[in-house]
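A short worksheet on the structure shown next.
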Amino acid sequence: MELTNKFFLLAVIFFLLIVPLAAQQKKDSSLVFDDISGWMSYLTSDRLKGRVEGSVENREVTDSIAAYFKLLGLKPFKSDNFLQTFYRHPDDSTITTSNVIACLPGTEKPDEYILLSAHFDHVQIGYYNKKDKIYNGANDNASGTSVLLALARQLSMTGPHTRSILFCAFNAEEAGLIGSTHFSENINARQIVAGINLEMLGYPQFGKNTIMLTGMLKSDLYSLLKKRMPGSGIRIRRERGDLFQRSDNYPFAKNGVPAHTLMASDDREPCYHSPCDELKRMNLPNMTSLTIGIQILIDGLLNGADTPKRIDSADLQ
Ligand SMILES: [Zn+2]
C-alpha cells in the first residue's frame, strides 16, 4: 500500500470513527445523511479515477470498505479479512479483484441469508467516448454502494435480526457481473432467501422517493415489499425497461434465488456511463429517505416473516 493510500484510508477511518460518537444524540436520518454524504464524496472523488477494477484506486476502496465493516463489528464471511479475492486473465494479463463481504449473523435462523449488495467499481477513463475525462460513476454505482454502507450501519445498530444478513460490495460488475458471479459460485444458493441489489439510487429519475424493482414479475418479492410500502415513505413504481439480467442480482437469480435490483433511475438517465455522472447531480436527501424506507421494506425478510418464492430458472429464458 502506498503512503498516500494509507493516508486516505486513515482519514476515512477517522471520519467514520468520529461520526458515531457525534451521532448518539442525532436522529437516524441525520446519521444516514452523514454516512451517505461521506461515502459519496469519497467514492466519487477524481483521485479515485472511477474505481476501475484492477487499479490501485479500486484496491484502496476495497480496503476502506473492509475497514468500515470491521469498525461496525460485522463478521468476515469465508475469509479472515472481509475480502474475497480472485484473479482474472484477460488478454494474457492478470487482474487481482476483491469483493468485500461482511455478515451480521442472525439469531434464530443464522443459516438463512438475506443478501444486500451493490457494485462499487465503474468504468475506466475514456472507456466510452475516448475523451480523457474521469468517469466518476456517482449514480452508477457510488450511490448504491453508499446506501449499502449506510444500511450496514443502521442494521448493525438495530440488529441482530432473525436471519443473517450478508453485505456484499461487489467488484467488476462493469466487466460483466464478474464479482457477483464469482461469489454466487462459492455459496449454496439454497441458503439465500432473497437478494436485494442496489443500483443507481442517486438520481431520482422517476420522482422523489420513487424506486423500481427489476424483474418484478419473476418472483413475489415485489408484492412482499409492496405490502410494507405504507409507512416507508417510498413508492415502488412499475418496472420500466428490462434490466433484470443487467446487474449483480442475476447470477443469483439464475440459481433460483429471488434476487432483484432496486433502482431510482435506469440506463436512459442522461449521464448514464458518461463523464457527467458526477456528485453534483446526486440528490443526497432523497438517497437518505430511500435508505430509511428500504430498511422498512426489507424488515419482513430480516425478521423471518417474509419468504419469497424461488425463481424458476426456466422462466428466465
Ligand atoms: Zn451499475
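The values are calculated or read from the model by the stated rules, or taken from the named source; none is laboratory data. As the structure is a prediction and not an experimental result, all values here were calculated from the model. Don't worry about glycine lacking a Cβ; one is built from the backbone with ideal geometry, like all the others, and counts go over all protein chains shown.
Could you pull out the residue among Gly54, Gly73, Gly50, Gly106 that is touching a residue at least 12 places away in the same chain (Cβ under 8 Å), within 16 Å of the ligand (Cβ to nearest atom) and in a loop (DSSP other than H, G, I, E, B)? Write out each step before concluding.
Numbers: Gly54 fails: within 16 Å of the ligand (Cβ to nearest atom); Gly73 fails: within 16 Å of the ligand (Cβ to nearest atom); Gly106 fails: within 16 Å of the ligand (Cβ to nearest atom).
Among Gly54, Gly73, Gly50, Gly106, only Gly50 is touching a residue at least 12 places away in the same chain (Cβ under 8 Å), within 16 Å of the ligand (Cβ to nearest atom) and in a loop (DSSP other than H, G, I, E, B).
Specify the residue that is farthest from the ligand (Cβ to nearest atom); the eligible residues are those in region 132-162 that are touching a strand residue (DSSP E or B) at 6+ places or on another chain (Cβ under 7 Å) and among the aliphatic types (A, V, I, L, M).
Leu155
Filter region 186-205 for residues that are of a type in the set (S, T, N, Q) and assigned to a loop (DSSP other than H, G, I, E, B); which is farthest from the ligand (Cβ to nearest atom)?
First, the residues of region 186-205 that are of a type in the set (S, T, N, Q): 186, 188, 191, 197, 205.
From what's left, assigned to a loop (DSSP other than H, G, I, E, B): 186, 188, 205.
Numbers: Asn186: 22, Asn188: 26, Gln205: 14 Å.
Taking the candidates together, the pick is Asn188.
Any residue at all in region 200-211 that is farther than 30 Å from His182 by Cβ, among the hydrophobic types (A, V, I, L, M, F, W, C) and surrounded by fewer than 16 Cβ atoms within 10 Å (Cβ to Cβ)?
Looking through region 200-211, none of the residues is farther than 30 Å from His182 by Cβ, among the hydrophobic types (A, V, I, L, M, F, W, C) and surrounded by fewer than 16 Cβ atoms within 10 Å (Cβ to Cβ).
If Leu166 satisfies all but one of (1) in contact with a Cys (Cβ under 7 Å, 6 or more places away or on another chain); (2) surrounded by 24 or more Cβ atoms within 10 Å (Cβ to Cβ), what's the number of the condition it fails?
Answer for Leu166: the failing condition is (2).
Taking into account only those residues within region 294-310 that are out of contact with any helix residue (DSSP H, G or I) (no Cβ under 9 Å at 6 or more places or on another chain) and either part of a helix (DSSP H, G or I) or small (Gly, Ala, Ser) (or both), which is farthest from Asn209 (Cα to Cα)?
Checking each candidate, the answer is Gly304.
Tally time: how many residues in region 244-265 are over 19 Å from Asn171 (Cβ atoms), within 15 Å of the ligand (Cβ to nearest atom), in contact with a Phe, Trp or Tyr (Cβ under 8 Å, 6 or more places away or on another chain) and not aromatic (Phe, Trp, Tyr)?
Selection size over region 244-265: 3.
Determine which member of the set Lys218, Lys226, Lys208 is part of a helix (DSSP H, G or I) and of a type in the set (Lys, Arg).
Working: Lys218 fails: part of a helix (DSSP H, G or I); Lys208 fails: part of a helix (DSSP H, G or I).
Going through Lys218, Lys226, Lys208 in turn, the sole match is Lys226.
Does region 230-239 include one or more residues that are buried (at least 16 other Cβ atoms within 10 Å of the Cβ) and assigned to a strand (DSSP E or B)?
Restricting attention to region 230-239, the residues satisfying the condition of being buried (at least 16 other Cβ atoms within 10 Å of the Cβ) are 232, 234, 236, 239.
Those left that are additionally assigned to a strand (DSSP E or B): 236.
For region 230-239, residues buried (at least 16 other Cβ atoms within 10 Å of the Cβ) and assigned to a strand (DSSP E or B): present.
When you check Leu301 against the structure, is it of a type in the set (A, V, I, L, M, F, W, C) and surrounded by fewer than 16 Cβ atoms within 10 Å (Cβ to Cβ), yes or no? Quick ask: steps written out before the conclusion?
Working: of a type in the set (A, V, I, L, M, F, W, C): yes; surrounded by fewer than 16 Cβ atoms within 10 Å (Cβ to Cβ): no.
In short, no.
Just to be sure I understand the filter: pairs with C-beta atoms under 8 Å, separated by 6 or more residues or on different chains, first member in region 292-317 and among the polar types (S, T, N, Q), second member surrounded by 12 or more Cβ atoms within 10 Å (Cβ to Cβ) and part of a loop (DSSP other than H, G, I, E, B). Which pairs pass?
Qualifying pairs under 8 Å: Asn303/His161; Asn303/Thr162; Ser313/Lys254; Ser313/Asn255; Ser313/Gly256.
Here are some conditions: (1) closer than 16 Å to Phe120 by Cβ; (2) at pLDDT 90 or above; (3) small (Gly, Ala, Ser); (4) buried (at least 18 other Cβ atoms within 10 Å of the Cβ). Ser37 meets all but one. Which one does it not meet?
(1)
Picking from Asp312, Asp277, which residue would you name as being of a type in the set (D, E, K, R), modelled with pLDDT under 95 and crowded, with 21+ Cβ neighbours inside 10 Å?
Matching residue, one of Asp312, Asp277: Asp277.
I'm checking my understanding of the structure. Among residues of region 212-227 that are of a type in the set (D, E, K, R) and in contact with a strand residue (DSSP E or B) (Cβ under 9 Å, 6 or more places away or on another chain), which one is surrounded by the most Cβ atoms within 10 Å (Cβ to Cβ)?
This residue is Lys218.
Any chance region 86-96 includes a residue that's buried (at least 24 other Cβ atoms within 10 Å of the Cβ) and either in contact with a His (Cβ under 7 Å, 6 or more places away or on another chain) or in contact (Cβ under 8 Å) with a residue 12 or more places away in the chain (or both)?
First pass over region 86-96, keeping only residues buried (at least 24 other Cβ atoms within 10 Å of the Cβ): none.
No - not one qualifying residue is present in region 86-96.
So, Ala169, is that one within 13 Å of the ligand (Cβ to nearest atom) and in a strand (DSSP E or B) or not? Break it down into steps so the answer makes sense when it comes.
Details: within 13 Å of the ligand (Cβ to nearest atom): yes; in a strand (DSSP E or B): yes.
Spelling it out, Ala169 is indeed within 13 Å of the ligand (Cβ to nearest atom) and in a strand (DSSP E or B).
Can you work out which of the residues in region 266-279 that are free of Cβ contacts under 8 Å to residues at least 40 places away in the same chain and more than 20 Å from the chain's Cα centre (by Cα) is nearest to Arg47 (Cα to Cα)? First the steps, then the outcome.
Let us first name the residues in region 266-279 that are free of Cβ contacts under 8 Å to residues at least 40 places away in the same chain, namely 267, 270, 276.
In the following step, the residues that additionally are more than 20 Å from the chain's Cα centre (by Cα) were identified as 270, 276.
Details: Pro270: 24, Cys276: 16 Å.
Step by step, filter region 266-279, then rank; the result is Cys276.
When you scan region 172-185, how many residues do you find that are away from the ligand (no atom under 14 Å from the Cβ) and in a helix (DSSP H, G or I)? Before the answer, list the steps.
Filtering region 172-185 down to residues away from the ligand (no atom under 14 Å from the Cβ) leaves 181-185.
Cutting the leftovers down to in a helix (DSSP H, G or I) gives us 181-184.
Going through region 172-185 one residue at a time, the tally reaches 4.
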